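Notes to accompany the following structure.
The values are calculated or read from the model by the stated rules, or taken from the named source; none is laboratory data. What you see is a predicted model, and the numbers here were worked out from it, not measured in a lab. Backbone-built Cβ (ideal geometry, glycine too); neighbour counts: all protein chains shown. We work out accessible area using only protein heavy atoms, side chains counted, and drop any ligands, DNA or RNA first. Shrake-Rupley method; radii C 1.70, N 1.55, O 1.52, S 1.80 Å.
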Amino acid sequence: MASDREVLRQVWEGKLPVCFSLAEEELQDLQTPDPFYLMVPRLTYFPLVTDKVKRHFIKHAHPEKQEAEMWLDYNGTPLKWQYPIGVLFDSLLGADATLPWNITVRFDRFPEKELLKCPSRDVVESHFMSCIKEADVLKHRTHVATAMQKKEHYQLWQGLQNDKFDQFWSINKKLMECNRNEGFKHIPYRCHKGDQFSLPLQRLVKPFEEPDCQKTLGDLIHFLLPSDDEKSLKVIIQGVEPSWDTPLQWLSEHLSHPDNFLHLSLHSI
Amino acid sequence: MNVRHAESPWRENILLQLNARNKLQNHSFQELISCHNRIFESATALRSENLQLSIRNEQLRQEGAELMLKGVPVDGKAADRIQTLEQKLHKKQEELTDLLRGKAENAQALVELNRRLNEKEKLLALRDQGLMEAGERELHLKEKLLDTDARCTELQASNDTLKDEHYALHLAFEALQDKLRKAQEENAVLVEKLMKIKAKDAEKLNEENDNFVRKKQARVAQELEDAAKDTGSISPDRGSFPGVERDIGAVMPSIGTCLPQRVVLRFDAHDGEVNAVRWSPVDRIVATGGQDRKVKLWDISKVFWDHFFGTK
């Protein structure tokens, strides 16, 4: 059971300062538009917070490209909107990056091969709900998410969209329920190695090796990357580095993102 | 489990790290960025305000320049100029009042003229109406004229036919008149003949009558002579027939002196005097002759005069 509200609250309140600026090659005026600063929640997705950013920059963009979809990149890497912002940050910059996070705004030359189009918030919603269902299948097999009412789905989405902790968790706690001794069937997680978002490591992992013997983060990393030394690796979850002996079940319950996945970002030291 | 977790060092570690993370990434920037955003918004607002003000400024400057152009030569002989200008102004004002007065008069005249115009228009409308009526009447009359013409031609035609008829009838009449004249002539001839015949007849009749009368007279004379010879034998005092003698002596004392005492029958036979009356010896006819030169034969049984002829 995800009962440690103190931790959950801290996780929920994680925000990142972001500095948006228009790509230099897309400047139309002589005057450079002022950069746009924004505090973005770690748990949300970029399309949900960048409306103001688009409004700010669109008048400076090329008139013919103003109808095009806005996309973001950091240091030449296009940012995939389908991952939570915190995951993108942890994977691309690591824990000790300099803040604020400088992101370039672009309208021209949409990288069709790397990014998915996101014409509206409905697309984000359907992606989010599908993630929740995928995680639910891994955790329960009993399809808790599919048994839920449409109203509850909507409440989950609204809670995330409007940054409402209580609204979200009053429903999400149902998804975190499990047998006290066995935990989840499997832990839903995605392990991002460095900035390689294309291939997150995913293999079925049970939270308990034997009854009363919980698997830890160290076990998981060893299971996924048996060849690498634990000491040469750094695992970042929600912007922190949990110790290797942290139980997986607890991590999954408390440090998962709203899509119910535990996103691990691996960095080699 | 929670209790155990709460005690466990990895949880403390994570919580600490989360706190540190939020302190570093969140709290330290929160204020800064919200402050930045506020400043950003106010800067935008100020920029738009500035733009408006600069536009306003530009307008005011332009106005100022115009005013400057107008107000440049206000110095030196300003007082004189002002005075002359005031005088001019005064004059202009007077002119203006005159003009206004004129305008008022004109307006009145305009009103009057408008009124008259209206009247004229009304009159014109009346005239138009009259004209229209006249036109209608004219049209009507034209129609009538046409009708009349048609009738006239008809009448002419009928007149012609009548004339023809008349002519034909006249011809017929002439012919008939000729015939009549001939017939009259014929008639005259015939009448003449008839007259002659009648005269002859009359003569004959007269002759016969004369003859008869002569014969009678002769007989009477004879009888009288006879009677005269027998006078001795017959005497009224003889008494051969006493009864008879008395009666005859009472009634007719004398045959020769028997005169009518009263009128038995009376009728108008002739104009003027009746000269002769005579019984027909054979028939029940009386002949009368009068001063009107006519001889009339009367049928006593019928009372009416039957025939007459005169010598006209």
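Some observations on this one:
- The mean count of C-beta atoms from other chains within 10 Å of the C-beta of residues in A:254-260, rounded to a whole number, is 1.
- Residue-wise HN-Hα couplings along the stretch B:93-100, as the Karplus relation 6.51 cos²θ - 1.76 cosθ + 1.60 with θ = phi - 60° gives them from phi, are 5, 4, 4, 4, 5, 4, 4, 4 Hz; Gly and Pro carry x.
- Ligands, DNA and RNA left out, the accessible area of the stretch A:55-211 computed with a 1.4 Å probe is 48% carbon and sulfur.
- Modelled this way, with points 7 Å down the Cα-to-C-beta line, the labels at residue A:165 and residue A:34 are 3.2 nm from one another.
- Potential extension, residue B:202-residue B:91 segment - 0.36 nm per residue separation minus Cα distance: 25.2 nm
- Counting Cβ atoms of other protein chains within 10 Å of each residue's Cβ and taking the mean over peptide A:11-24 gives 3.
- Convex hull volume of chain A per residue (C-alpha atoms, cubic angstrom): 131 Å³
- Efficiency of FRET from Cβ geometry, residue B:58 and residue B:30, R₀ 30 Å, rounded to 0.05: 0.10
- FRET E, pair residue B:69, residue B:44, Förster distance 30 Å, beta-carbon r, rounded to 0.05: 0.20
- Multiplying the residue separation of residue B:226 and residue B:134 by 0.36 nm and removing their Cα-Cα distance gives an extension gain of 21.1 nm.
- Label positions at residue A:204 and residue B:160, each projected 7 Å from the Cα along the C-beta direction, are separated by 13.4 nm.
- Trypsin sites (Lys or Arg not before Pro) restricted to the stretch A:27-105 and DSSP loop, no more than 14 other C-beta within 10 Å: A:59
- Computed about the Cα centre, the dipole magnitude for chain A is approximately 760 debye when only Lys and Arg (+1) and Asp and Glu (-1) carry charge, each at its Cβ.
- Ellipticity at 222 nm from helices only: DSSP H runs of n ≥ 4 in the protein assembly as shown, each -39500 (n - 2.57), divided by the residue count, give -18500 deg cm²/dmol.
- Shielding value for B:23-36 is 5, the average number of Cβ atoms from other chains within 10 Å of each residue's Cβ.
- Length gained when the stretch residue B:262-residue B:181 is fully extended (0.36 nm per residue, less Cα-Cα span): 23.7 nm
- Remark: the stretch B:1-149 is approximated by an ellipsoid whose semi-axes, taken from the C-alpha gyration tensor as √(5λ), come to 94, 48, 12 Å, largest first.
- Long-range amide H partners of residue A:103 with built H, under 5 Å: A:19, A:20, A:21
- Each residue, residue A:114 and residue B:172, gets one label point 7 Å from its Cα in the Cβ direction; the gap between the two is 13.8 nm.
- For residue A:80, the aspartates and glutamates whose Cα comes closer than 14 Å to its Cα, not counting residues fewer than 8 places off in the same chain, are A:69, A:90, A:112, A:114, A:195.
- Charged-residue dipole, Cβ positions (Lys, Arg, Asp, Glu), the protein assembly as shown about Cα centre, Debye nearest 20: 1080 debye
- Using alpha carbons only: equivalent-ellipsoid semi-axes of the protein assembly as shown, gyration tensor based, whole Å: 179, 50, 25
- Placing R0 at 25 angstrom, the Cβ-Cβ distance between residue A:6 and residue A:223 gives a FRET efficiency of 0.25 after rounding to 0.05.
- Probe 1.4 Å - accessible area at residue B:170, Å² to nearest ten: 80 Å²
- Chains B and A, summed buried accessible surface - 1.4 Å probe, Å², nearest 100: 2800 Å²
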